[in-house]
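What follows draws every value from the coordinates through simple rules; no lab data is involved. From a predicted model like this one, the values you see are computed outputs, not experimental measurements. Quick reminder, even Gly has a Cβ in these numbers, built from the backbone with ideal geometry, and neighbours come from all protein chains shown.
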Amino acid sequence: MTITKNRNAYYALFSRLFLQEMDEETLRNMQKSHDFENIFQNYSKWEKKDTKSIQKLIEENLNVDFTDITILHLIPYESFYTREDGMIESGGDNRVISFYNDYGFRVDLDKARAVSPDHIGIELEFMHLLTKREIKALDDNDQKAAGELKKLQKEFLQKHLLKFSPMYLINVYEEARTPFYKDAAKALLEFLLEDYAYVKETV
């Protein structure tokens, strides 16, 4: 149960980081986490963050970097990496939608500020939903449902997230201007690979 709760928390964290710009409340809450310095090792040692107010740091550095790595210079959409023409599939032909529909996951693209449901942040949020449902099944002592949910997580990682996220996250690591998003990209890639190994072994 503890492992599943930790997985759920990490999927929530990384989904938030890659879907929206940073805000002061979120950053302060993150910094209170016991594992913040383990995930954001380089950011924690970054001298520039100690020379500015948290508001200025967010406005002048973190959110500028976020815009670069998710909108202007890099493309965080699965279809961009998997389609031969390199286009983003925003319509009903997007393969990820069938997964979402089967499990009642509805995407509000305006709220998510995304143009397609195969945005990495949305796919991470779907994994957050699946792990949350696994926790509920374990709480209800429904081992069969928990096992089926873990199988689905393995399938989704294999068929979707791991099909493109390593390429995208390596690009983020190389292109990001701040240690914050370099650390986030590195930590997320390591987490996804480790999580896939875990579900593959335990499914």
Checklist entry - Distance in nm between label sites at L72 and H34, each 7 Å beyond Cα in the beta-carbon direction? => result 3.9
Checklist entry - Most mobile of E21, E123, E174 per a Gaussian network model of the chain (Cα springs, under 10 Å)? => result E174
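Taking a ≥ b ≥ c as the square roots of the Cα gyration tensor eigenvalues, with a/c under 1.5 meaning rounded and otherwise prolate when a/b beats b/c, else oblate, which class fits the stretch 86-153?
Values: a/c = 3.02, a/b = 2.25, b/c = 1.34.
Prolate shape, in that a/c is at least 1.5 and a/b is the bigger ratio.
Just check the chain against the gyration tensor rule for me: Cα atoms, a ≥ b ≥ c as the square roots of the eigenvalues, rounded for a/c under 1.5, and otherwise prolate or oblate depending on whether a/b exceeds b/c. Walk me through the intermediate numbers first.
On the way: a/c = 1.92, a/b = 1.31, b/c = 1.47.
Oblate is the answer for the chain, as a/c is 1.5 or above yet b/c matches or exceeds a/b.
With a ≥ b ≥ c taken as the square roots of the eigenvalues of the C-alpha gyration tensor of the stretch 91-203, please select rounded if a/c is under 1.5 and otherwise prolate if a/b is larger than b/c or oblate if it is not? Kindly include the intermediate steps, with their values, before the conclusion.
Working: a/c = 2.03, a/b = 1.35, b/c = 1.51.
Oblate, since a/c reaches 1.5 and b/c is not below a/b.
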Item to check | Relative contact order for the chain, counting Cα pairs under 8 Å that sit 6 or more residues apart, in percent | outcome: 32
Checklist outcome for this item: In a Gaussian network model of the chain with springs linking alpha carbons closer than 10 Å, the residue among Y43, Y11, Y77 that fluctuates most is Y43
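Check every DSSP H run in the chain and write down those whose alpha carbon atoms cover 18 angstrom or more along the long axis and whose mean Kyte-Doolittle hydropathy is 0.0 or greater. Show your work: numbers first, answer last.
Working: long enough: 2-19 (26 Å, 0.02); 120-139 (28 Å, 0.23); 143-156 (20 Å, -1.14); 162-175 (20 Å, 0.11); 179-202 (34 Å, -0.13).
Helices meeting the criterion: 2-19, 120-139, 162-175.
Nearest 0.05, what FRET efficiency do T82 and K151 give at R0 = 22 Å with Cβ-Cβ as r? Numbers along the way, then the final one.
Details: r = 22 Å, r/R0 = 1.01.
So the FRET efficiency works out to roughly 0.50.
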Item to check | Sequence-distant lysines (8 or more away, or on other chains) whose Cα lies within less than 23 Å of K154 | outcome: K5, K132, K136, K144, K163, K186, K200
Next on the checklist: Which residue fluctuates most in the GNM of the chain (Cα springs below 10 Å): T67, T82, T51?
Outcome noted: T51
